[in-house]
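S.K.: Provided herewith is a single structure, encoded as structure tokens, for subsequent inquiry.
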């Protein structure tokens, strides 16, 4: 456990001495802020219009702003996560520092967990940027807190899942660009799986649909915790980290 | 002269073997990197690991450090097998790979703290250990600099500091002096000498003087096979039973007659061969070889002085490790070694 934390903090610090952390956080804040602006503006306009028509429709900040916005955050994360994970192992392989880690009295799984946790911490920081915007809604409105928390839980699980996949891809190459690119396309594929099968109800496409990362996110953004979704994300994380540890071990046998 | 094949039989069977390698073989997809190597290293020794590029030095070291698993055979470090007990082995090993494993974006201090903690030093002790190792490797000036901004020499020293921070029993250094300037090489050499008492050190290199200077024993491998393992002195003696002497003669009055001097030297008892190497400004340089097992230096000196010439230089020329190395690792190993060496020297003389 001590070793996991050691590696975790080393990775986390590593992000902040390189431009990666700032770039990822700034990009996320920019895009999310833009989404926040449009969503809020639309809601306000809609509210005015409804008042002018004399309708007394109840309007919900949760439904109008927060839910689509946090769903959108998940999509942005899809693009940013490869930037976070691409260096994790590939850079160590390029620098030769992997030799230091693998010859130190520390287990492979501790290295992997440490790296994944470090990436996770940065991801939490990135999500933290969105909290600023959401907090504004709480200051001037009265949204329901619980669905927001559930949506964040979903985002964290989805992020953890993609980060684990990215960590795995990073162990397979010494080139960061390749690691980033492949992670991006794998993430994209997992996202698109839900599109292909949206109007198809056969058994096979149900399975494909289940594998899509985004379908499991939908429930969370509605504020619904379904054990099915949690199991999906946790098993994806576990499976990817397992693959990573296999891949690390094969480093020894192949190199 | 024993046949080359017998060298791997280890003569000194100490009980306190720090490293014990038996029948180690490492095969990659198509090539055999290390082929059935066996050797032992005693506690506190400095052993030089010698071989041309691609001989399998790094691979052997990587097996010892648990970075690579052996294809077959066993390797024991401090009594623990590298396959069965890698954690225990890793705790007792300090390893400096060929390129120092440093993070360019870290400061020296920070890096040493990280590696120290990684090697199991407790947080209470870490500051003390870092200070100690910074002092030892003379890193005081660069403590708070980014490693990425350091010169190659400093980076190498940071790498070495990382290897010794947890005070390991065994130090494995892959070409520790590559890329350093002569002053730094001497510093590293001094450091290794200091460390050798308490630590067992294996260092690989292809620089032969390196081994002559700092190692007690040499392991020579070539194309994955063990060629020789012995002390530096023994290895030199083994290949050369006779003594070779460089001699410079000067006449008191003008230049002496080369033929006359040569004839005179050949008459000294025990001399087998005299070669005129050089003559300029009235000085004649000879190389004189003795018969097997004869010591001829004092006789030569007396004979020169008695003939009325000045003896301006007289020194023993050992067969350098370079010659031995070339001989052992060259593919034509069948030839008798002394004859080979003699032939090489004659060639050298002609040049």
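S.K.: Kirkwood Rh and Cα-based Rg: tell me the resulting Rg over Rh for region A:11-147, rounded to two decimals.
M.R.: That ratio is 1.17, to two decimals.
S.K.: Give me the percent of DSSP beta bridges within the protein assembly as shown that run antiparallel, rounded to the nearest 5.
M.R.: The antiparallel fraction comes to roughly 70 percent.
S.K.: Follow-up question, since we're still on this one. Please arrange A:126, A:231, A:148 by counting, for each residue, the other beta carbons lying within 10 Å of its beta carbon, fewest first.
M.R.: Neighbour counts put them in this order, fewest first: A:231, A:148, A:126.
S.K.: What nm value, rounded to one decimal, do you get for the distance between residue B:246 and residue B:189 when each label is placed 7 Å out toward the C-beta?
M.R.: A separation of 1.7 nm, rounded to one decimal place.
S.K.: In square nanometres and to one decimal, what's the mean projected area of the convex hull around the Cα atoms of region B:4-238?
M.R.: With every direction weighted equally, the projected area is 12.9 nm².
S.K.: When the expected Rg is taken as 2.2 N^0.38 Å, what fraction or multiple of it is the alpha-carbon Rg of region A:44-121?
M.R.: Normalised Rg, Cα atoms only: 2.05.
S.K.: Mind checking the log10 I(q)/I(0) for region B:241-316 at q = 0.11 Å⁻¹? Debye, one equal scatterer per Cα, no solvent, two decimals.
M.R.: So the normalised log intensities work out to -0.23.
S.K.: Pairs of Cα atoms under 8 Å, at least six residues apart: use those to get the relative contact order of chain A, whole percent.
M.R.: Contact order relative to length: 27 percent.
S.K.: Let me ask something else about it. Hey, could you grab the Kirkwood Rh for region A:2-254? Inverse mean 1/r over distinct alpha carbon pairs, Å, one decimal.
M.R.: One decimal place: 19.5 Å for the Kirkwood radius.
S.K.: Output needed for the protein assembly as shown: three equivalent-ellipsoid semi-axes, defined as square roots of 5 times the C-alpha gyration tensor eigenvalues, in descending order, whole Å.
M.R.: That gives 71, 24, 20 Å for the three semi-axes.
S.K.: When N counts the residues of region A:120-255, how does its alpha-carbon radius of gyration compare numerically with 2.2 N^0.38 Å, as a ratio?
M.R.: Region A:120-255 yields a ratio of 1.22.
S.K.: A follow-up question, please. Pop the C-beta distance of residue A:17 and residue A:132 into the FRET formula with R0 = 35 Å and round what comes out to the nearest 0.05.
M.R.: 0.90
S.K.: Sorting B:273, A:41, B:155 on the 10 Å Cβ count, fewest up front, what's the list?
M.R.: Ascending Cβ contact count within 10 Å gives the list A:41, B:273, B:155.
S.K.: Further question: When the helices in chain A are scored as -39500 (n - 2.57) per DSSP H run of 4 or longer and the sum is shared across all residues, what 222 nm value do you end up with, to the nearest 500 deg cm²/dmol?
M.R.: That comes out to -28000 deg cm²/dmol.
S.K.: How big is the shadow of the Cα convex hull of region B:121-208, averaged over all directions, in nm²?
M.R.: 6.1
S.K.: Also: When the convex hull of the C-alpha atoms of region B:42-119 is computed, what volume per residue in Å³ does it have?
M.R.: Given the Cα convex hull of region B:42-119, per-residue volume reads 134 Å³.
S.K.: To continue, here is another question. What ranking do B:18, A:136 get, fewest neighbouring Cβ atoms within 10 angstrom at the top?
M.R.: A:136, B:18
S.K.: Same structure, new question: Mind giving me the FRET efficiency for residue A:140 and residue A:204? R0 is 35 Å, r the Cβ-Cβ distance, nearest 0.05 is fine.
M.R.: E(calc), rounded to 0.05, equals 0.15.
S.K.: Assuming a viscosity of 0.692 mPa s and a temperature of 37 °C, what translational diffusion coefficient in µm² per second does Stokes-Einstein assign to region A:212-255, Rh being the Kirkwood radius over Cα pairs?
M.R.: Approximately 271 µm²/s, per Stokes-Einstein.
S.K.: Extending each Cα 7 Å along its Cβ direction at residue B:315 and residue B:144, get the distance between those two points in nm, one decimal.
M.R.: Those two pseudo-labels are separated by 4.9 nm.
Computed from the coordinates by the stated procedures, all read-outs in this text should not be read as laboratory data. Keep in mind that this is a model prediction, so the values were computed, not measured. All Cβ positions, even for glycine, are placed from backbone atoms using ideal geometry, and neighbour counts span all protein chains on display.
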